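Written below as structure tokens is the structure these notes are about.
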Amino acid sequence: MTDYTDNKYSELFKNQKSQHLQVGNTTYKERIKKLKNLKVALEKTYKQELRDALYKDFKKPTLETDLTEIYPVIDEINFVKKHLKSWLKRQKVDTPISLLGSSSWIKNESKGVCLIISPWNFPVNLTFGPLVSAIAAGNTVILKPSEMTPHTSKVMSKIVSALFNENEIALVEGEVEVSQELLKLPFNHIFFTGSPQVGKIVMKSAAEHLTSVTLELGGKSPAIIDDSSNLDKAVKKIIFGKFLNAGQTCIAPDYLFINENIKPQFVNSFKKQLNEFYTENVSNSNSFGRIVNKKHFDRLRGYLEDAKSRNAEIAIGGTSEEKDNFIEPTLVFNAEEDSELMQNEIFGPILPVKTYTSISRVLEDINSREKPLALYIFSKNKKVIGEIINNTRAGSTCINHNLLQFLNHNLPFGGANNSGIGKSHGYFGFLEFTNQRSVLKQHTLSAVDLLTPPYSSFKQKLVDLTIKWF
């Protein structure tokens, strides 16, 4: 038995472990009741507190809070309410004729004690979204939100303590050391959202206990606009997807390819649409947020300085205000391939643009990098769309828009390799937190019972017939 008595959170973990079978045997109605209580908390009781907290943490506009933090969780709850009863039913499967006299089924059972480590960029969405799946699957859960959004974490802690017994669901706050201590415990499943670098640390810790993991990571998600697309519409959608949450979105377009023929029109359209969204003075717009802290502000400003020192062209924007952690929406051309802008996930309101004349060169560029979390295509050309999808690999793709694939709970959400392991949302999120237990029940004498030792030539003939015909 694992000895973890010296861990600060061992008592909490032990208590949840002692409850996990009881929680795992709850009915779908009992689980739905918990989700309904969470929905009321988000939709009514704590809605304004969450809005205020997110504004305090990084000036997130109220509409963005409602649209990207609260709505997705409520929508996830509504989806689970509609389908959970069927998900929990035993799933009958065929049994081969060689096992005549038996029946088989799959039981979706809870994994046990789960750890959810969530990031700062969408703290409510990416904490409570996975929690919905974990509750639906019947697990006990410890939540560890990011220390970078303390006001929001405080409100979420209030919500969790008000709705749940900590022996079932608990939220712990604190710095990175808290996550390090939690990762020492033998959880049955860990759901982590964050960077690939930290994802490797989580996976290494999980390996110590052979704990299963879901890793929602990130990377450089490309977008492509070809000359068949409606340019103004494409630009409007790119600006929305890129600068939502001040660019701090894991599935935001990280860099953009445009056909060389449309560069002048693209820049003009970009300027016009930016002004319509945020006015000419973006820092005064109540529709544009801020960088979460000085560390990330300095990182982003460093990326820009590095690009400029290598003769990159700042076509739009480029200004910043340190006292407010504000960075203007910025468009960059001719960034060197080995620059920080092109090597690192940007996670901010800076968009490098590369021009192309051949789609094959675009595919070479994309395939020379790690598999992205998302890939976006703006085109009316079905042949081009098919060529891009068939000759690249990505966690998800959206055609003629961006980000929207995240909101469809019928689609699995997640990356591939460096951009993630496992899937979330809807049934796919439910499956991440369950063990698909196989069950076979023998009803009558089994043919296999005729093949037990001592072996004989007659039994060998039965095996030969089985191999040949069944």
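Rule-based calculations on the coordinates, nothing more; no lab input. Small disclaimer: the values here were computed from a predicted structure and weren't measured. Reconstructed Cβ throughout: ideal geometry from the backbone, glycine too, with neighbour counts over all protein chains shown.
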remark   = Any residue on another chain or 5+ positions along whose placed amide H is under 5 Å from the amide H of V332 is listed here as A315, L351, V353
request  = Please list, in chain and number order, the residues 5+ apart from V213 or on another chain whose amide H is under 5 Å from its amide H, with Hs placed from the backbone.
outcome  = I190
remark   = If M148, M156, M203, M342 are placed from fewest to most neighbouring beta carbons inside 10 Å, the sequence is M203, M148, M342, M156
remark   = For the chain (alpha-carbon point model, no solvent) the Debye-based log₁₀ I(q)/I(0) at q = 0.08, 0.09, 0.10, 0.14 Å⁻¹ works out to -0.55, -0.67, -0.80, -1.31
Region 1-94: trypsin sites (Lys or Arg not before Pro) falling in loop per DSSP and having at most 16 other Cβ within 10 Å = K8, K89, R90
request  = Considering Cα pairs under 8 angstrom that are at least six residues apart, work out the relative contact order of region 1-97 and quote it in whole percent.
outcome  = 28 percent
remark   = One checks the Cα atoms of region 79-234 and finds Rg and Dmax, in Å, of 20.0, 65
ask   = Ranking V155, V113, V439 by Cβ neighbours within 10 Å, fewest first, what do you get?
value = V439, V155, V113
query = Which whole-Hz couplings ³J(HN,Hα) result when phi for each residue of region 389-394 is put into the Karplus expression 6.51 cos²θ - 1.76 cosθ + 1.60, θ = phi - 60°, listed in order with x for Gly and Pro?
reply = 5, 6, 10, 9, 10, 7
request  = List the relative contact order of the chain as a percent without decimals, with contacts defined as Cα pairs under 8 Å and 6+ residues apart.
outcome  = 18 percent
ask   = Over region 222-412, what relative contact order in percent results from Cα pairs under 8 Å that are six or more residues apart?
value = 28 percent
note = With x for Gly and Pro, the residue-by-residue ³J(HN,Hα) of region 203-208, computed from phi through the Karplus equation 6.51 cos²θ - 1.76 cosθ + 1.60 at θ = phi - 60° and given in whole Hz, is 5, 5, 5, 5, 4, 4
task = Starting from the amide H of S110, placed 1.01 Å from N in the peptide plane, find each other amide H under 5 Å away whose residue is 5 or more places distant or on another chain.
result = N435
Least to most buried among L215, L440, L244 (fewest other Cβ within 10 Å first) = L440, L244, L215
key: Positive-pole candidate from A223, P264, V448, dipole of the chain, charges at beta carbon   = V448
key: Radius ratio Rg over Rh of region 338-462, counting only Cα atoms, Kirkwood formula for Rh   = 1.29
task = As a check on your grasp of the helix formula, calculate [θ] at 222 nm for the chain: sum -39500 (n - 2.57) over DSSP H runs of n ≥ 4, divide by the residue count, round to the nearest 500.
result = -12500 deg cm²/dmol
message = Can you give me the C-alpha center-to-center distance between region 374-391 and region 206-236, rounded to a whole angstrom?
response = 15 Å
task = Read phi for every residue in region 46-55 and hand back ³J(HN,Hα) as whole Hz from Karplus 6.51 cos²θ - 1.76 cosθ + 1.60, θ = phi - 60°, with x for Gly and Pro.
result = 10, 4, 5, 4, 5, 4, 5, 5, 5, 5
query = Where the Cα atoms of region 222-412 are projected onto their three principal axes, how long is each span, largest first, in whole Å?
reply = 48, 38, 31
